[in-house]
Amino acid sequence: MRKKLVAGNWKMNTVANEASELAKGIVRSAAEFGATEALLCPPFIWLNLVGEIIKNSGVKLGAQNLFWEDKGAFTGEISAAMLKSAGCEYVIIGHSERRQFFGETDQTVNKKLKKAIELDLTAIVCLGENFQQRESGLTNSIISSQFENAFKGFSRFEKVIIAYEPVWAIGTGKTASPNQAQEVHNLLRGLLKQKTDRFDQILLLYGGSVKSDNAAELISRPDIDGFLVGGASLKVGDFVGIMKATIN
Ligand code: PGA
């Protein structure tokens, strides 16, 4: 059976004391998380701070991005080795906001994925269609092509997680229905099957306006193994509520 995972993507939110309070609040509830794994992905600058707070709590640490080069003159970028030395076990790759605002493409996702895996990080690869693509019936072909390009020339699926995040549902209050999400997760499971024998062990997360009141129904679908949560990961009560909704 696959484990469940709920990842909080804090995005560009929190100053130091907010990051620390949020992490402390989540740690205080960690005993109630059952078998579901909690993962916090704060801004880079708070990785050490949050890492110290969650140490020994079972809550995991991840980053929101990385750069694929090892080191050098790449002002403002962060390497996989830096993330490892800050205590990260996970890294989010190719979030739609990175694609939309920072020029990331399936090709850069592919390079980042390979570097993350080389350094033994677990990569959470994000993909998802936008509103027009869904309306035009292109969801499956977009997901398939993002998948193929992201995993081109790649076979090391031991530490891969995929997050399906329909762009139209991110931060909009609109959520994919459990059936819509399951349909895409099922498609992803099938695509994975063509690439790896481990296809049924890979976690598939859903992201896009997940809240404590829609989480239980989403997680009840067979191929939804957890969530990548933005807005609702910034309040202790909301995040803890989602964690609890995954326990049955
Ligand atoms: P949201 O963001 O939960 O605020 O919709 C999800 C995400 O971008 O990962």
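The values are calculated or read from the model by the stated rules, or taken from the named source; none is laboratory data. As the structure is a computational prediction, the values presented were derived from the model and not from experiment. We place every Cβ from the backbone using ideal geometry, glycine too, and count neighbours over all the protein chains shown. Just the protein is used for accessible areas: all its heavy atoms, side chains included, with ligands, DNA and RNA removed. Shrake-Rupley method; radii C 1.70, N 1.55, O 1.52, S 1.80 Å.
Please indicate, with yes or no, whether at least one residue in segment 161-171 is in contact with a Phe, Trp or Tyr (Cβ under 7 Å, 6 or more places away or on another chain), part of a strand (DSSP E or B) and within 16 Å of the ligand (Cβ to nearest atom). Yes, segment 161-171 contains at least one residue that is in contact with a Phe, Trp or Tyr (Cβ under 7 Å, 6 or more places away or on another chain), part of a strand (DSSP E or B) and within 16 Å of the ligand (Cβ to nearest atom). Close Cβ contacts (under 6 Å, 6 or more residues apart or on different chains) running from residues in segment 17-35 that are over 18 Å from residue 51 (Cβ atoms) to residues that are modelled with pLDDT under 95 comprise 34/247. Looking only at segment 219-238, count every residue that is surrounded by fewer than 24 Cβ atoms within 10 Å (Cβ to Cβ), within 13 Å of the ligand (Cβ to nearest atom) and of a type outside the set (Asp, Glu) and tell me the total. Of the residues in that region, 5 qualify. Summed over segment 23-33, residues that are within 20 Å of the chain's Cα centre (by Cα) and either among the acidic types (Asp, Glu) or open to solvent by 10 Å² or more (accessible area, probe 1.4 Å) (or both) total 2. Output yes when any residue across segment 121-131 is open to solvent by 10 Å² or more (accessible area, probe 1.4 Å), of a type in the set (A, V, I, L, M) and more than 16 Å from the ligand (Cβ to nearest atom), and no when none is. No, there is no match, as no residue in segment 121-131 is open to solvent by 10 Å² or more (accessible area, probe 1.4 Å), of a type in the set (A, V, I, L, M) and more than 16 Å from the ligand (Cβ to nearest atom). Residues considered: 136, 96. Of these, the only one that is within 20 Å of residue 176 (Cα to Cα) and open to solvent by 30 Å² or more (accessible area, probe 1.4 Å) is 136.
Residues that are outside any loop (DSSP other than H, G, I, E, B), open to solvent by 50 Å² or more (accessible area, probe 1.4 Å) and farther than 15 Å from residue 113 by Cα do occur in segment 69-88, at least one of them. Taking residues in segment 1-15 that are over 20 Å from residue 89 (Cβ atoms), and partners anywhere that are within 14 Å of the ligand (Cβ to nearest atom) and open to solvent by 40 Å² or more (accessible area, probe 1.4 Å), the pairs with Cβ atoms closer than 6 Å and at least 6 places apart or on different chains are 13/234. Residues in segment 107-149 that are charged (D, E, K, R) and under 14 Å from residue 67 (Cα atoms): 111, 112, 114, 115, 118. Against the criterion of being within 15 Å of the ligand (Cβ to nearest atom), at pLDDT 95 or above and within 15 Å of the chain's Cα centre (by Cα), residue 39 qualifies. In this entry, residue 113 is excluded by the filter for residues that are in contact (Cβ under 8 Å) with a residue 24 or more places away in the chain, under 25 Å from residue 206 (Cβ atoms) and assigned to a strand (DSSP E or B). Residues that are within 16 Å of the chain's Cα centre (by Cα) and part of a helix (DSSP H, G or I) within segment 219-248 comprise 219, 231, 232, 233, 239, 242, 243, listed in sequence order. Consider residue 200 carefully, then state whether it is acidic (Asp, Glu) and crowded, with 18+ Cβ neighbours inside 10 Å. No.
Residue-by-condition table, conditions (1) closer than 16 Å to residue 210 by Cβ; (2) in contact with a strand residue (DSSP E or B) (Cβ under 6 Å, 6 or more places away or on another chain):
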| site | (1), (2) |
| --- | --- |
| 119 | no, no |
| 127 | no, no |
| 136 | no, no |
| 160 | no, yes |
| 164 | yes, yes |
| 185 | yes, yes |
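Entry remark, segment 172-196: residues being over 13 Å from residue 144 (Cα atoms), more than 10 Å from the ligand (Cβ to nearest atom) and assigned to a loop (DSSP other than H, G, I, E, B) number 3 in total. Filtered by the rule that a residue be more than 14 Å from the ligand (Cβ to nearest atom), of a type in the set (Ser, Thr, Tyr) and under 25 Å from residue 58 (Cβ atoms), segment 84-117 gives a lone residue, 85.
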